[in-house]
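What follows is a single structure, written as structure tokens, with notes after it.
The values are calculated or read from the model by the stated rules, or taken from the named source; none is laboratory data. Note that the structure is predicted; figures quoted are calculated from it, not measured. Cβ placement follows ideal geometry from the backbone for every residue including glycine, while neighbour counts extend to all protein chains displayed.
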């Protein structure tokens with residue numbers, strides 16, 4: 001059985017993730033690449049099994065199916081917007097959230113312990129919700145709620161208490177920018193080493209792209225607008241977020257730098273230049289060297305000697 005399941009899952013890994021109708025990407029994907037554990041040893045894949053789902057844990061090094069679980073209904077690994085970046089694992093790799101692939105008036109989520117595929121929670125919410133993040137201790141689940149199921153751009157962030165199994169009232173928003181309207185499509189993200197902060201870059205056609213910084217412990221957020229030309233916004237699928245201590249670098253996949261965010265005060269500044277050869281500093285250095293040589297030459301000439309001027 002496990003050999004057969006592995007063959008099916010291996011074929012699934014080369015298939016494209018599921019996309020919803022009307023041009024919108026679904027909140028969760030079956031098949032595809034699944035999601036890899038933080039230690040890089042295990043891949044989790046949701047494979048279709050008729051109208052139901054088979055959840056697989058596959059050892060990456062050997063391809064052996066370590067565990068499998070049959071789920072009633074169509075569930076998948078959560079994905080982020082048009083980027084289809086997989087998510088749903090806690091930072092310690094012990095909790096996995098699955099979302100339903102067909103949201104028909106209600107949204108369903110399953111929460112599993114990855115060590116034995118033991119189901120910890122089953123969540124049903126009226127409306128259209130998608131996975132956003134997990135707190136480091138997996139006690140709180142953050143969800144993206146779309147007030148209008150047909151409007152993929154506008155959303156609010158909500159918190160769900162996994163200990164009491166309740167959707168918490170209110171929304172998670174930037175209290176310093178009450179007029180900020182949450183709209184856009186998630187393109188990429190990165191998470192702090194302790195799993196507390198989740199930084200997501202959103203494209204915002206017709207507006208300003210921004211980084212949504214979510215503190216999953218305190219349940220607060222900051223929205224940081226990123227100055228961008230239209231061509232830069234069109235190319236956000238080629239942007240990567242990288243943490244360097246208290247600085248979040250927003251740069252291109254090629255390595256070319258773009259913008260920096262100071263996480264201490266949320267100020268944005270141009271990164272200035274690329275990460276390639278430092279031509280500017282080379283020019284400054286050559287200029288200083290030439291000035292120094294000229295000074296040395298003047299000092300070393302006999303008194304009364306004049307330097308010849310160029311014709």
*Check the range 60-69 and report whether any residue there is at pLDDT 95 or above, touching a strand residue (DSSP E or B) at 6+ places or on another chain (Cβ under 8 Å) and under 27 Å from residue 217 (Cα atoms).*
no
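So which of 243, 214, 201 is over 25 Å from residue 28 (Cα atoms) and assigned to a strand (DSSP E or B)? Give the derivation first.
Numbers: 214 fails: over 25 Å from residue 28 (Cα atoms); 201 fails: over 25 Å from residue 28 (Cα atoms).
Exactly one residue qualifies, and that residue is 243.
Does residue 129 satisfy the criteria of being in contact with a strand residue (DSSP E or B) (Cβ under 7 Å, 6 or more places away or on another chain), over 18 Å from residue 45 (Cα atoms), crowded, with 20+ Cβ neighbours inside 10 Å and modelled with pLDDT of 90 or more? Outline the logic, then answer.
Values: in contact with a strand residue (DSSP E or B) (Cβ under 7 Å, 6 or more places away or on another chain): yes; over 18 Å from residue 45 (Cα atoms): yes; crowded, with 20+ Cβ neighbours inside 10 Å: yes; modelled with pLDDT of 90 or more: yes.
Judged against the criteria, residue 129 is a match.
One line per residue, one yes/no per condition, for (1) closer than 25 Å to residue 88 by Cβ; (2) within 18 Å of the chain's Cα centre (by Cα); (3) crowded, with 21+ Cβ neighbours inside 10 Å:
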site	(1), (2), (3)
186	yes, yes, yes
195	yes, yes, no
202	yes, yes, yes
216	yes, yes, yes
238	yes, yes, no
242	yes, yes, no
255	no, yes, no
264	no, no, no
_Search result, residues across the range 94-109 that are surrounded by fewer than 22 Cβ atoms within 10 Å (Cβ to Cβ) and modelled with pLDDT of 95 or more_ = 94, 108
